[in-house]
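Right, one structure below, let's go through it.
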Amino acid sequence: LLRAIQEKMIRPIGGNEAKAVDVRIVSATNRDLEEMTHKGGFREDLFYRLNVILIRTPSLKERDSDIELLANAFLKKFSKKMSSNIKSFSKEAMEALTHYSWPGNVRELENVIERAMTLESEDEIHLHSLPDAISRTAKVGSQIKEASLDAKNESTGEEIRLPAPDFSNGPID
């Protein structure tokens, strides 16, 4: 592979002559190959041959403003495909979707919406139709809201507002 990329020539198995090839390699990974290369987990020579143009696509969790847009697009897609009357999400279901960490990115979101539409019996997707890992996110989120109520500083008696913890990496188990 290294030689084919570098010299743009290949020799077919069983062949005696090399043949010129004109190819472009497009590859994708969810791993940091540069870091892996420095740690010896990925071949440095292959990395530098492949790393001509790097396009970094942020994970879905890094684009959490896209979650609602994508969820609605998948809802529309599956409503048509399944001939379903489901047209929206409950507030709690959408909150759970936006707070979940999405380790499987867009594919996971698409599968979750398809699953929810299959299980849902009403005209909107509710929290009970989402996988437990996602619905737990909503429950943790509501507990945070309750925990971030006003409080008093015991030493001064001054009213303070407690900030809600950051659960951008998912709920705490």
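The values are calculated or read from the model by the stated rules, or taken from the named source; none is laboratory data. What you see is a predicted model; the values in this text were computed from it and never measured. Note that each Cβ is placed from the backbone with ideal geometry, even for glycine, and that neighbours are counted across all protein chains shown. Ligands, DNA and RNA are excluded from the accessible area calculation, which covers all protein heavy atoms including side chains. Shrake-Rupley method; radii C 1.70, N 1.55, O 1.52, S 1.80 Å.
Looking across Glu92, Glu62, Glu17, one residue alone is out of contact with any helix residue (DSSP H, G or I) (no Cβ under 7 Å at 6 or more places or on another chain) and part of a helix (DSSP H, G or I). It is Glu62.
Contact map, segment 60-72: residues that are closer than 15 Å to Pro103 by Cα and in contact (Cβ under 8 Å) with a residue 60 or more places away in the chain paired with residues that are open to solvent by 70 Å² or more (accessible area, probe 1.4 Å) and not aromatic (Phe, Trp, Tyr), Cβ distance under 8 Å, separation 6+ or inter-chain. Pairs shown: Lys61/Asn169. Looking only at segment 36-55, decide whether some residue is surrounded by fewer than 17 Cβ atoms within 10 Å (Cβ to Cβ), farther than 30 Å from Gln6 by Cβ, out of contact with any Gly (no Cβ under 8 Å at 6 or more places or on another chain) and in contact (Cβ under 8 Å) with a residue 24 or more places away in the chain. No, segment 36-55 contains no residue that is surrounded by fewer than 17 Cβ atoms within 10 Å (Cβ to Cβ), farther than 30 Å from Gln6 by Cβ, out of contact with any Gly (no Cβ under 8 Å at 6 or more places or on another chain) and in contact (Cβ under 8 Å) with a residue 24 or more places away in the chain.
Just to be sure before I move on: is Ser79 touching a residue at least 12 places away in the same chain (Cβ under 8 Å), out of contact with any strand residue (DSSP E or B) (no Cβ under 6 Å at 6 or more places or on another chain) and of a type in the set (Gly, Ala, Ser) in the structure I sent? Reasoning before the result, please.
Working: touching a residue at least 12 places away in the same chain (Cβ under 8 Å): yes; out of contact with any strand residue (DSSP E or B) (no Cβ under 6 Å at 6 or more places or on another chain): yes; of a type in the set (Gly, Ala, Ser): yes.
For Ser79, the condition - touching a residue at least 12 places away in the same chain (Cβ under 8 Å), out of contact with any strand residue (DSSP E or B) (no Cβ under 6 Å at 6 or more places or on another chain) and of a type in the set (Gly, Ala, Ser) - is met.
Restricting attention to segment 101-138, the residues being modelled with pLDDT of 95 or more, crowded, with 16+ Cβ neighbours inside 10 Å and in contact with a Pro (Cβ under 9 Å, 6 or more places away or on another chain) number 2.
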